[in-house]
Amino acid sequence: MLKDSKAFSGFSVNDLAAAKAFYSDVLGLTVVDGVMGMLQLQLGSGATVLVYPKDDHQPATFTILNFPVDNIDQAVDELTAKGIVFEQYEHMTDEKGIARGISRNMGPDIAWFKDPAGNILSVLQES
């Protein structure tokens, strides 16, 4: 029944204007004003993610969006130049904030960062 559904995801933020600016101007995503005061992030895969305001927003403590990239070093450098600060995790990430899993056979190379609401996002290189 649900396997052919056009499922979508969503998450909350505490400042919709800041989220819109971040996702459109910094990350370069297509952001559309949606119904009932929500935003829609339109991703290259054809997926839509809803972003909705929540007065008592609590940032997600897990990764809410992963962005696969062809070259993680280039992506991190470009995003850093736009003011994004990558998370540092002791014994896990290098000086750029990249966890180099491919070289240790532990999954993709991945780097985490936060949106203005404190939600965790990532860029990752799978091969």
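So V76 passes all but one of these: (1) over 27 Å from K6 (Cβ atoms); (2) touching a helix residue (DSSP H, G or I) at 6+ places or on another chain (Cβ under 7 Å); (3) of a type in the set (V, I, T). Which condition number does it fail?
Here V76 meets the rest and fails (2).
Against the conditions (1) in contact (Cβ under 8 Å) with a residue 12 or more places away in the chain; (2) out of contact with any helix residue (DSSP H, G or I) (no Cβ under 6 Å at 6 or more places or on another chain); (3) surrounded by 13 or more Cβ atoms within 10 Å (Cβ to Cβ), where does L29 fall short? Just the number, please.
If we test L29 against (1) in contact (Cβ under 8 Å) with a residue 12 or more places away in the chain; (2) out of contact with any helix residue (DSSP H, G or I) (no Cβ under 6 Å at 6 or more places or on another chain); (3) surrounded by 13 or more Cβ atoms within 10 Å (Cβ to Cβ), just (2) comes out false.
Of the residues that sit in the stretch 1-26 and are more than 19 Å from I84 (Cβ to Cβ) and part of a strand (DSSP E or B), which one is most open to solvent (accessible area, probe 1.4 Å)?
Here is the first cut: in the stretch 1-26, the residues more than 19 Å from I84 (Cβ to Cβ) are 1-10, 12, 16.
This time we only want the ones that are part of a strand (DSSP E or B), so: 9-10, 12.
Values: S9: 64, G10: 40, S12: 15 Å².
Among those residues, the one meeting the criterion is S9.
Could you tell me whether N66 is under 16 Å from D115 (Cα atoms) and touching a His at 6+ places or on another chain (Cβ under 6 Å)? Outline the logic, then answer.
Numbers: under 16 Å from D115 (Cα atoms): yes; touching a His at 6+ places or on another chain (Cβ under 6 Å): no.
For N66, the condition - under 16 Å from D115 (Cα atoms) and touching a His at 6+ places or on another chain (Cβ under 6 Å) - is not met.
Can you name every one of the strands (runs of 3 or more DSSP E) wholly within the stretch 86-127 that holds 1 or more residues which are open to solvent by 60 Å² or more (accessible area, probe 1.4 Å)?
Working: elements: 98-100, 109-114, 120-125.
Filter on the stretch 86-127 gives 98-100, 109-114.
Report, by residue number, each residue of the stretch 4-19 that is free of Cβ contacts under 8 Å to residues at least 40 places away in the same chain and within 13 Å of V49 (Cβ to Cβ). Write out each step before concluding.
Step one: filter the stretch 4-19 for residues free of Cβ contacts under 8 Å to residues at least 40 places away in the same chain, giving 4-7, 16-17.
Matches in the stretch 4-19: K6, A7.
Based on what the data block shows, is T61 among the β-branched types (V, I, T), more than 22 Å from Q125 (Cβ to Cβ) and in a loop (DSSP other than H, G, I, E, B)? Lay out the reasoning, then the answer.
Values: among the β-branched types (V, I, T): yes; more than 22 Å from Q125 (Cβ to Cβ): yes; in a loop (DSSP other than H, G, I, E, B): yes.
Yes: the conditions hold for T61.
So, D73, is that one touching a residue at least 60 places away in the same chain (Cβ under 8 Å) and either among the hydroxyl-bearing types (S, T, Y) or more than 14 Å from I120 (Cα to Cα) (or both) or not? Write out each step before concluding.
On the way: touching a residue at least 60 places away in the same chain (Cβ under 8 Å): no; either among the hydroxyl-bearing types (S, T, Y) or more than 14 Å from I120 (Cα to Cα) (or both): yes.
Answer is no for this residue.
Out of the stretch 64-76, which residues are open to solvent by less than 80 Å² (accessible area, probe 1.4 Å) and over 17 Å from T48 (Cα atoms)?
V69, N71, I72, D73, A75, V76
Residues to consider are K82, K54; find the one that is in contact with a helix residue (DSSP H, G or I) (Cβ under 9 Å, 6 or more places away or on another chain), surrounded by fewer than 16 Cβ atoms within 10 Å (Cβ to Cβ) and of a type in the set (D, E, K, R). Give the derivation first.
Values: K54 fails: in contact with a helix residue (DSSP H, G or I) (Cβ under 9 Å, 6 or more places away or on another chain).
Of K82, K54, the one residue that is in contact with a helix residue (DSSP H, G or I) (Cβ under 9 Å, 6 or more places away or on another chain), surrounded by fewer than 16 Cβ atoms within 10 Å (Cβ to Cβ) and of a type in the set (D, E, K, R) is K82.
The values are calculated or read from the model by the stated rules, or taken from the named source; none is laboratory data. Here the structure is a predicted model, which is why all the values come from computation and not from measurement. No Cβ is skipped: glycine too gets one built from the backbone with ideal geometry, and neighbour counts run over all protein chains shown. The area values use the complete protein model at the heavy-atom level, side chains included, leaving out ligands, DNA and RNA. Shrake-Rupley method; radii C 1.70, N 1.55, O 1.52, S 1.80 Å.
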